[in-house]
Amino acid sequence: MSIEILPTAKEPKRERGKQRVAALIDAGAELFAEKGYEATTMTEIAQRAGAAIGSLYQFFPSKEALAEALFNRYAERAAASFARVEELAPGRPARELADLLIDYKLALRTDRDATIALSSSVAGIVERRKPLGDALRGRIASILRAANRALSEDEAAAAAVIVSQVMKIVPALAATENERPLPLIGETRKLLALYIGEVLRT
């Protein structure tokens, strides 16, 4: 039995090429989030990016290759962005910590929506998303334990699950808020701040 090996993305060497690749990935992210992975064509991605179809295939020989590049970018951005949260978290009151966590989710919304669309269509990406979620919950637990040394590892882990679940709904609420003038994100900030406040007082 032979194993199919998909062609991989080409790594640009010059700055202009890197900018072009970023624009192509941005276009893919927007379309995957809007239409879904299966319904999006390479021609549409090139058009959205304002690029020739040949330029798209030069860097991404398949839609799967572009999807992998998008997922990798999301993972890198998420890790770097959360490192900033960890840097700012020490000594923050519950409301400010809640704001940091929610702002983190809002900043990643487009790429996150696109990776969710990929998860049900691209083999391997759904499995790769789970370790990211596990790592994020572990980092949230560490922030909570640093703020309240009385928390046990199990208590911090349980609290991190609740915090991450609240964070998960933020992108969807933000999309709804764009359609209707409801203060959904503001209310979610209050909710998360109240919960974190209780955890830190335990």
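The values are calculated or read from the model by the stated rules, or taken from the named source; none is laboratory data. What you are looking at is a predicted structure, and each value in this text was computed from that prediction instead of being measured. Virtual Cβ from ideal backbone geometry, glycine too; neighbours counted across all protein chains shown. What goes into the accessible areas is simple: the full protein's heavy atoms, side chains included, and nothing from ligands, DNA or RNA. Shrake-Rupley method; radii C 1.70, N 1.55, O 1.52, S 1.80 Å.
Some values worked out for this structure:
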| item | result |
| --- | --- |
| Close pairs (7 angstrom Cβ cut-off, 6 or more residues apart or separate chains): in a helix (DSSP H, G or I) in the range 180-202, open to solvent by 90 Å² or more (accessible area, probe 1.4 Å) and not hydroxyl-bearing (Ser, Thr, Tyr) anywhere | ALA193/ARG95 |
| Subset of the range 14-41 [assigned to a helix (DSSP H, G or I), without any contact (Cβ under 8 Å) to a residue 24 or more places away in the chain and more than 15 Å from THR115 (Cα to Cα)] | GLU15, ARG16, LYS18, GLN19, ALA22 |
| Scan of the range 156-179 for residues that are open to solvent by 70 Å² or more (accessible area, probe 1.4 Å), β-branched (Val, Ile, Thr) and in a helix (DSSP H, G or I), ordered by number | ILE162 |
| Pick from the range 98-155, criterion of a type in the set (A, V, I, L, M, F, W, C) and outside any helix (DSSP H, G or I), ranking: most open to solvent (accessible area, probe 1.4 Å) | ALA123 |
| Count - residues of the range 95-112 that are under 27 Å from ALA23 (Cα atoms) and among the small types (Gly, Ala, Ser) | 1 |
| Output for the range 73-87, where each listed residue is surrounded by 14 or more Cβ atoms within 10 Å (Cβ to Cβ) and among the small types (Gly, Ala, Ser) | ALA75, ALA78, SER81 |
| Total residues in the range 117-166, condition among the β-branched types (Val, Ile, Thr) and in contact (Cβ under 8 Å) with a residue 60 or more places away in the chain | 2 |
| Counted residues, the range 49-94 - those being outside any helix (DSSP H, G or I), in contact (Cβ under 8 Å) with a residue 40 or more places away in the chain and closer than 24 Å to ALA23 by Cα | 3 |
| Single residue of LEU6, LEU70, LEU31 found to be open to solvent by 70 Å² or more (accessible area, probe 1.4 Å), modelled with pLDDT under 95, touching an Asp or Glu at 6+ places or on another chain (Cβ under 9 Å) and not small (Gly, Ala, Ser) | LEU6 |
